[in-house]
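Reviewing the structure listed below.
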Amino acid sequence: MAQTWKCGGLRWVDGGPVLRWDGGRSSALTWGKRVAFRVTDEGVRGCAGARGHPCPLRAVVAGRSIGARCEECARLDRAHSVAADTLADDPRPYHVYLAWFGPGLTKVGITAVERGSARLLEQGAVCFSWLGAGPLMAARRTEELLRAALGVPDRIPYAVKRAVRAALPPTAAERAAEPAGLHARAAGLDGWPESLARRPFRPVDHMDAFGLAAAPPAVAEVTELAPGGAVSGELVAAAGPDLHVATGGSGQVVVLDTRLMTGWELVAAGDDELSVPVRDLRGAAQAPHEQDGLF
């Protein structure tokens, strides 16, 4: 019987993407690495649970679900997040940042100072700059001030982010221009909390970290996994939770949101397979021995 794996999500570690697997194993991903897996023929997608605990209902979730959680586990997971404003007594300092994903797509957000730029890599930010740092509630108040005054959101859907990656400006200076203007506007605003230490504009560009500068543009995205469905090809780039995989003999690049993998039982797949539903982005082998990782 083929060895099965369950994906625990993608994280950015030391500036690079790493897939985690149930049981504690992980797979560091590098450009040119072969990515090849297939959902088991009788596979059922189970709820990922909440806060590191399995779903008590053993619920089944839909193939298109990004969160891979049932309603109850999703509620519990969000109730303990910074985004839900339930951790007002968190003593850690927080950064406020501006993150740019493409023309007209800039957001303001916060992240714990101790996490460095990991949160920006996880979100797929092409360019970002810090705005300031301070206590959590001061950072949160600053986030709300800037969101309202600058007219920028605090969330941008991943589908919108990946749709613009094929048409990003070619130079780091061009990519930094829009967040530079917003940063300057933010610096001129009144009402910043006194406990928040402001930061000058220092753009950090992630095109090379994501591999996007050298990768062919993606032409499609995977919309869901299903029993028996396979994805196989060469990893050419990654941004946020997305893997850009050159599949099939044509080498066309397809984007796979790794959050769609969570909850499925996966096995190794052969070369150049792509048998899952995809959506056009244009205009909008199993080892003979026990593996250390699925790929």
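Most tightly packed first, judged by the mean number of other beta-carbon atoms within 10 Å of their residues, the peptides 54-60, 205-211, 255-261 read 255-261, 205-211, 54-60. Projecting label points 7 angstrom from Cα along Cα→Cβ for ASP154 and ARG279 puts them 2.6 nm apart. In this structure, VAL13 and ASP89 have a Cβ-Cβ separation that, at R0 = 22 Å, corresponds to a calculated FRET efficiency of about 0.15. Extension gain for VAL113-ASP208 works out to 31.9 nm (0.36 nm per residue, less the C-alpha to C-alpha distance).
With every protein chain left in place, what is the accessible area per residue of the chain in square angstrom, probe 1.4 Å?
47
Under 5 Å from the amide H of CYS127 lie the amide H atoms of TRP100, HIS206, each residue being 5 or more positions distant or on a separate chain, with H modelled from the backbone and absent for Pro and chain starts.
In whole percent, and with a 1.4 Å probe on the protein chains, what portion of the accessible area of the chain is carbon and sulfur? Write down the numbers at each step before the final one.
Details: 7240 of 13830 Å².
Carbon plus sulfur share of accessible area: 52 percent.
The values are calculated or read from the model by the stated rules, or taken from the named source; none is laboratory data. Keep in mind the model is a prediction, meaning the values are calculated, not measured. Neighbour counts are summed over all protein chains in view; Cβ atoms, including those assigned to glycine, are modelled from backbone coordinates with ideal geometry. Just so you know, the surface numbers come from the protein's heavy atoms only, side chains and all, with ligands and any DNA or RNA stripped out. Shrake-Rupley method; radii C 1.70, N 1.55, O 1.52, S 1.80 Å.
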